[in-house]
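Read the structure below first, then the notes.
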Amino acid sequence: MLTAVVGGLALTAGFFWFASQIASEEVMLDRGADGIVALTGAAPRIPDAIELLAADRGKRLLITGVHRATSASEIARLTPLYSKYFTCCIDLDRSALNTFGNALETRRWTREHNFTSLIVVTSNWHMPRAMAEIEHQLPDVRLIAYPVMSETVRNKPWWENIGTARFLAAEYLKYLFALVRMRLDPDTAP
């Protein structure tokens, strides 16, 4: 009984820590990196990542987890002012199906380009898990988080909305699962 109570308290405390790690304001980057990686999902992630590329915050951009049927021209329509970057500096990954796959593809792309630093672009609520997965695959690469604000999490504090609290609790459980998986399989692929 005591073990269950302690476990429940630890899980709850961990959730509060996790929720406190989620950025609630936009980040202003004061430095760049060799590359930029955007994990697909919410639409604002891609335009924000392309704007970072256009502002010379990185040399190349990887958009990972692109749906197989989505073309570069369809993505370019999201940011018409920056469509020229699709011919020189933007790479699309269609193989990643989840965050773990995003991290594996990011590792391959980063090694291919000999990058030592990356700006990671994803939703604010997704950032802790994305950073953990990518850091696990690229422990020698400096990662800079660029969280994109999610209206789901930003509008009200999570504790004021049961839907947001459930959403974050589900993401927290995915984060814990990823940590356990990484602990059980500590080696990253070469």
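The values are calculated or read from the model by the stated rules, or taken from the named source; none is laboratory data. On a predicted model such as this, the values are computed, not experimentally measured, just so you know. Reconstructed Cβ throughout: ideal geometry from the backbone, glycine too, with neighbour counts over all protein chains shown. Ligands, DNA and RNA are excluded from the accessible area calculation, which covers all protein heavy atoms including side chains. Shrake-Rupley method; radii C 1.70, N 1.55, O 1.52, S 1.80 Å.
Data overview
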quantity: Those strands (runs of 3 or more DSSP E) lying entirely in the stretch 68-160 with at least 3 residues open to solvent by less than 20 Å² (accessible area, probe 1.4 Å); calculated: 117-123, 142-148
quantity: Residue count, the stretch 1-45 (criterion: surrounded by 18 or more Cβ atoms within 10 Å (Cβ to Cβ) and among the β-branched types (Val, Ile, Thr)); calculated: 4
quantity: Contacts under 6 angstrom Cβ, first residue in the stretch 79-90 being farther than 10 Å from residue 53 by Cβ, partner open to solvent by less than 50 Å² (accessible area, probe 1.4 Å) and of a type in the set (Asp, Glu), 6 or more apart; calculated: none
quantity: Within the stretch 125-141, considering residues that are touching a residue at least 60 places away in the same chain (Cβ under 8 Å) and touching an Asp or Glu at 6+ places or on another chain (Cβ under 9 Å), the one farthest from residue 166 (Cα to Cα); calculated: 128
quantity: Checklist (1) touching a strand residue (DSSP E or B) at 6+ places or on another chain (Cβ under 8 Å); (2) open to solvent by 40 Å² or more (accessible area, probe 1.4 Å); (3) in a helix (DSSP H, G or I) applied to residue 170, failing item; calculated: (1)
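Residue-wise test of (1) in contact with a His (Cβ under 6 Å, 6 or more places away or on another chain); (2) part of a loop (DSSP other than H, G, I, E, B); (3) farther than 28 Å from residue 157 by Cα; (4) modelled with pLDDT under 80.
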residue	(1), (2), (3), (4)
17	no, no, no, no
50	no, no, yes, no
63	no, no, yes, no
66	no, yes, yes, no
